[in-house]
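The values are calculated or read from the model by the stated rules, or taken from the named source; none is laboratory data. Predicted model, so just to flag it, every value in this text is computed and none were measured. For accessibility, only protein heavy atoms count, side chains too; no ligands or nucleic acids. Shrake-Rupley method; radii C 1.70, N 1.55, O 1.52, S 1.80 Å.
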Amino acid sequence: MAPRIAIPMPHSTDIKYGERALPQYARAVELAGGEPVTIPLDKPPAEVMKLIERCDGVLLPGSNADVDPAKYDAPRHPKTDASDPKRDTVDELLLQDAYNMHKPVLGICYGLQILNVYRSGTLIQHIESAINHEAGRTVPIAHSVEITPGSLLSEIVKTSPSIPANSSHHQAADVIGDGLRVVARCPEDGVIEAVEGTAPDHFVLAVQWHPERSVDTDENSRAIFKALVEAAKTSHSKLAGEFETV
């Protein structure tokens, strides 16, 4: 059986955005050999947990919302967009289960930001830079990304330490959350472009760019999703073995 990868709907009220964005993530998972499982944002937590518990890994997608700065005890910046409490609730349920059960996690763009805040980190609410981090989905390469040698990400992305990246964000990680470390930056301005978990036995990776947009043309993008799916296979086998021995 293909490992089941939970993907929350990107936004609870902007349905057009969700309908445009979600298929790209689902297709990237399928190309990597996984089975995408859409997690709705409008169901009671107990019902959501039943779906989550049957999944082997988590993909936190982008969103056109911003994380509520109250979650990291910061005043709201004038350019901070509205939050999406329903999306945040589901993301937190997914992360709680993933950390409790050591299921692999891949965060993308907003997914990196909510992961960092969940782990008690903070965000830069609006990037001031000569680099256009808000270039958008019509710009295939916005800037380069420098990857830390010896990191999990460097093992996945074989052409590191420098790779081209697209960019569609105006916020970024600032203070890094517990159990996470910075593994990539934009070399021109130092903006954090990727974090990963510090626990060697738990796959946790988040990137600020959008690899789902380039899986057809870019080997590195495909490799990121393949790494998630392979980690989910390993996690599923390990959990199945543990339950059999109980």
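Pulled fully out, how much extra length does the chain show between residue 35 and residue 100, if you take 0.36 nm times their separation in residues and subtract their Cα-Cα distance?
Working: separation 65, 0.36 × 65 = 23.40 nm, distance 2.16 nm.
So the extension gain works out to 21.2 nm.
How large is Rg over Rh for the stretch 3-120, taking Rg from the Cα atoms and Rh as the Kirkwood inverse mean of 1/r across Cα pairs?
For the stretch 3-120, the value is 0.95.
Take every Cα pair under 8 Å in the chain that's 6+ residues apart, average their separations, divide by the length, and report that relative contact order as a whole percent.
Values: 499 pairs, mean separation 51.5, N = 246.
21 percent.
Got a number for carbon plus sulfur as a percent of the chain's accessible area, 1.4 Å probe? Each step should come with its number before you reach the end.
Working: 5780 of 11100 Å².
Carbon-and-sulfur percentage of accessible area, whole number: 52.
So with the 1.4 Å probe, I'd like the accessible area per residue for the chain, rounded to whole Å². Intermediate values should be presented prior to the final figure.
Details: 11100 Å² over 246 residues.
For the chain, the solvent-accessible area averages 45 Å² per residue.
Give me the base-10 log of I(q)/I(0) for the stretch 75-175 at each q in 0.15 Å⁻¹, Debye formula, one uniform scatterer per Cα, rounded to two decimals.
Those come out to -0.79, one per q.
Quick one: which residues, 5+ away or cross-chain, put their amide H under 5 Å from the amide H of residue 193? H built at 1.01 Å from N.
Amide H neighbours of residue 193, under 5 Å, 5+ apart: 184, 185, 186.
Note down, for the stretch 163-221, the three equivalent ellipsoid semi-axes (square root of 5 times each alpha carbon gyration tensor eigenvalue), biggest first, whole angstrom. Could the numbers behind the result be given before it?
Working: eigenvalues 84, 52, 17 Å².
The answer is 20, 16, 9 Å, longest axis first.
Sorted from largest to smallest, which semi-axis lengths in Å does the alpha carbon gyration tensor of the stretch 90-133 give for its equivalent ellipsoid, taking the root of 5 times each eigenvalue? Write down the numbers at each step before the final one.
Working: eigenvalues 133, 23, 11 Å².
In descending order the semi-axes read 26, 11, 7 Å.
Taking a cut-off of 30 Å between Cα atoms, list the lysines near residue 71, but don't count ones fewer than 8 places away on the same chain.
16, 43, 50, 79, 86, 103
I'd like the antiparallel share, as a percent to the nearest 5, of DSSP beta bridges with both residues in the chain.
Details: 16 of 30 bridges.
Taking every DSSP beta bridge within the chain, about 55 percent pair in antiparallel fashion.
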